[in-house]
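The values are calculated or read from the model by the stated rules, or taken from the named source; none is laboratory data. Keep in mind that what you see is a predicted model, and the values were worked out from it rather than measured. We place every Cβ from the backbone using ideal geometry, glycine too, and count neighbours over all the protein chains shown. Heads up: the accessible areas ignore ligands, DNA and RNA and are worked out on the full protein's heavy atoms, side chains in. Shrake-Rupley method; radii C 1.70, N 1.55, O 1.52, S 1.80 Å.
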Amino acid sequence: MKATAKAHTNIALIKYWGKRDDTLILPTNNSLSLTLDGFYTTTTVSFRQELKQDVFYLNDEAVTGAAFDRVTVFLDLVRSMAEKPDLFAEIKSTNEVPTAAGFASSASGFAALAAAAARAIGLDLSKSELSQLTRQGSGSACRSIYGGFAEWEQGENKDGSDSYAVQVAPQNHWDIRVAAVVLSDKTKRISSREGMKRTVDTSPFFDGWIGSIPSDLKRIKEGIAARDFTVVGEIAEANCLRMHATTLGAAPPFMYWLDGTVTVMQAVQAMRSEGIPAYFTIDAGPNVKVLYLPENEDVVLQKLRHIPGVQNVTSSKPGQGITYL
Ligand code: DP6
């Protein structure tokens, strides 16, 4: 009863920002992402009769506290699906994320955990079922089941049975690149979970955000299908700015950006005025992800690395979905 799975992280081009059900993790809007090859998690799960509780090692260190609890609560779901409530597991995870690349590991982490645990306990899940299960660990993780571009369909059912990701275009559809620009790996910040909750509960801009999603989604999918970098970049950048605008309207208001965040955003816009196509997107933190085309890799990376306050820049290509080792 042992299985190993590998999952890559993803970057949202249309953001998931808001839940309609906090327990089942059901979103208030569809989101769309690109899975990245550079950053991944490999997880081995072994269910064993002799264990009295779960044990979890991350990069060879035993994990306790809230991070451990989130993993066991998730495994309870897997156990209940398999009707084996008393079967505990040893979980060993390795995060292959370049030092301080500025990515949360929850997307690749929960996708690898869900895939390995489901297989180890003997559940035979389709990709949609696996995505649905993964969603309940961390919302954004449900998109990492697929390589390339994936859309998380919010669904309508109260039980979440129609809320899972589907593939929009495979990994080899289009070679676009994403640079992760790290400004800070330490800033104490409001988690995405807490930030989106406060926004839903208090921000008067939230309705405007939700209203803007259907047209962004329709146009970005057309842009992806046509490999139109301008369309995809413009929509991704505008969508990110609208998500961050909702946080300024929340009570109390909050923002994820640092001085350096704005400096990088302006540098990306300056590249465009020099004729280099590049666009930014930002998650619930200060670091910036920059989209660009392979033919501009040298100039884009060089410019980003020279911006004052930038700690490091790592680049990534489109990545693959779940694999089993
Ligand atoms: C800003 O997936 O981390 O990165 O479902 O509460 O675990 P939970 O939240 P999480 O939120 C990600 C928010 C985001 C946008 C996105 O990835 O779509």
Per the filter on the stretch 36-68, residues open to solvent by less than 80 Å² (accessible area, probe 1.4 Å) and either within 30 Å of Asn172 (Cβ to Cβ) or of a type in the set (Asp, Glu) (or both) are Leu36, Asp37, Gly38, Phe39, Tyr40, Thr41, Thr42, Thr43, Thr44, Val45, Asp54
Requiring at least 3 residues that are within 19 Å of the chain's Cα centre (by Cα), the helices (runs of 4 or more DSSP H) wholly within the stretch 200-286 are 206-225, 229-248
Condition set farther than 22 Å from Phe280 by Cβ and either small (Gly, Ala, Ser) or under 14 Å from the mean Cα position of the chain (by Cα) (or both), scope the stretch 28-59, selection farthest from the ligand (Cβ to nearest atom): answer is Ser46
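Quick one: count up the residues across the stretch 1-27 that are assigned to a strand (DSSP E or B) and either surrounded by fewer than 21 Cβ atoms within 10 Å (Cβ to Cβ) or within 11 Å of the ligand (Cβ to nearest atom) (or both). Lay out the reasoning, then the answer.
So the first thing to find is which residues in the stretch 1-27 are assigned to a strand (DSSP E or B), and the list is 2-14, 19-21, 26-27.
Within this subset, residues satisfying the condition of being either surrounded by fewer than 21 Cβ atoms within 10 Å (Cβ to Cβ) or within 11 Å of the ligand (Cβ to nearest atom) (or both) are 2-4, 9-14, 19-21, 26-27.
Total satisfying the criteria: 14.
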| said: Within the stretch 75-91, does at least one residue satisfy the condition of being crowded, with 24+ Cβ neighbours inside 10 Å and among the charged types (D, E, K, R)? | reply: no
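Residue check: is Arg219 of a type outside the set (Ser, Thr, Tyr), modelled with pLDDT of 95 or more and open to solvent by 60 Å² or more (accessible area, probe 1.4 Å)? Quick ask: steps written out before the conclusion?
On the way: of a type outside the set (Ser, Thr, Tyr): yes; modelled with pLDDT of 95 or more: yes; open to solvent by 60 Å² or more (accessible area, probe 1.4 Å): yes.
It is true that Arg219 is of a type outside the set (Ser, Thr, Tyr), modelled with pLDDT of 95 or more and open to solvent by 60 Å² or more (accessible area, probe 1.4 Å).
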Quick count over the stretch 286-325, residues being open to solvent by 30 Å² or more (accessible area, probe 1.4 Å), touching a residue at least 40 places away in the same chain (Cβ under 8 Å), farther than 28 Å from Ser128 by Cβ and of a type in the set (S, T, N, Q), is 4
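Let's see how each residue does on (1) within 25 Å of Ile25 (Cβ to Cβ); (2) crowded, with 16+ Cβ neighbours inside 10 Å; (3) away from the ligand (no atom under 12 Å from the Cβ); (4) not assigned by TED's automatic domain parsing to the domain that holds Ser106:
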residue: Asp185; (1), (2), (3), (4): no, no, yes, yes
residue: Arg193; (1), (2), (3), (4): yes, no, no, yes
residue: Pro204; (1), (2), (3), (4): yes, no, yes, yes
residue: Gly233; (1), (2), (3), (4): no, yes, yes, yes
residue: Met243; (1), (2), (3), (4): yes, yes, no, yes
residue: Ala250; (1), (2), (3), (4): yes, yes, yes, yes
- prompt: Going by the structure shown, is Val264 aliphatic (A, V, I, L, M) and more than 16 Å from the ligand (Cβ to nearest atom)?
  reply: yes
*Boolean, Lys317 is in contact with a helix residue (DSSP H, G or I) (Cβ under 7 Å, 6 or more places away or on another chain) and among the basic types (Lys, Arg)*: no
Exception for Val97 within (1) touching a Phe, Trp or Tyr at 6+ places or on another chain (Cβ under 9 Å); (2) at pLDDT 95 or above; (3) hydrophobic (A, V, I, L, M, F, W, C) falls at (2)
